[in-house]
1. Net charge within 14 Å of His68 by Cβ-Cβ distance, Lys/Arg positive one each and Asp/Glu negative one each, not counting His68 itself?
2. If only Cα atoms are counted, what is the Rg of the chain, and what is its Dmax, in Å?
3. In Å², what does the accessible area per residue of the chain work out to with a 1.4 Å probe?
4. Please sort 2-8, 40-46, 88-94, 21-27 by packing, taking for each peptide the average over its residues of neighbouring beta carbons within 10 angstrom, highest first.
5. When the accessible area of segment 46-106 is split by element with a 1.4 Å probe, what percent falls to carbon and sulfur?
Amino acid sequence: MSATWIPIAKVADVPLETGTLRVAHGGEAVCLYLLGGDVRATQDKCPHGNASLSEGYIVDEMIECPLHQGLFDIATGEVRSPPCTVNLATYPVKVEDGVIYLEETA
Ligand code: FES
């Protein structure tokens, strides 16, 4: 069965290298990043607490949580710095004609 892709934003709407764009997808908030020409997507809510990673800071292709400064690898979602212990969910992304698509969630 082939995947269904949902248009979620325009590439031009994602801040380049230093910021993020939060979008709603399948009932949850997703954080979009534009790094080195590639669009990435992770869950927006920090798994450590009630913080939005879209309000965090990008440091060397990692996202730093604005609440307790936990760090996550944006590409893989892996924890890079405490106090976080749970990895972020990451989502497949495709880009066509400047539009970002996320795979439909069940
Ligand atoms: Fe994100 Fe604590 S809420 S590090």
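The values are calculated or read from the model by the stated rules, or taken from the named source; none is laboratory data. This one's a predicted model, so the numbers in the text were calculated from it and none came from an experiment. Here the Cβ positions follow ideal geometry from the backbone for every residue, glycine too, while neighbour counts run over all protein chains shown. Areas reflect the complete protein model, heavy atoms only, side chains present, ligands, DNA and RNA absent. Shrake-Rupley method; radii C 1.70, N 1.55, O 1.52, S 1.80 Å.
1. Values: positive: Lys45, Arg80; negative: Glu55, Glu64.
Here the count lands on 0.
2. So, for the chain, Rg and Dmax equal 13.1, 41 Å respectively.
3. I get 56 Å² per residue for this part.
4. 40-46, 88-94, 21-27, 2-8
5. Details: 1550 of 3400 Å².
Roughly 46 percent, rounded to a whole number.
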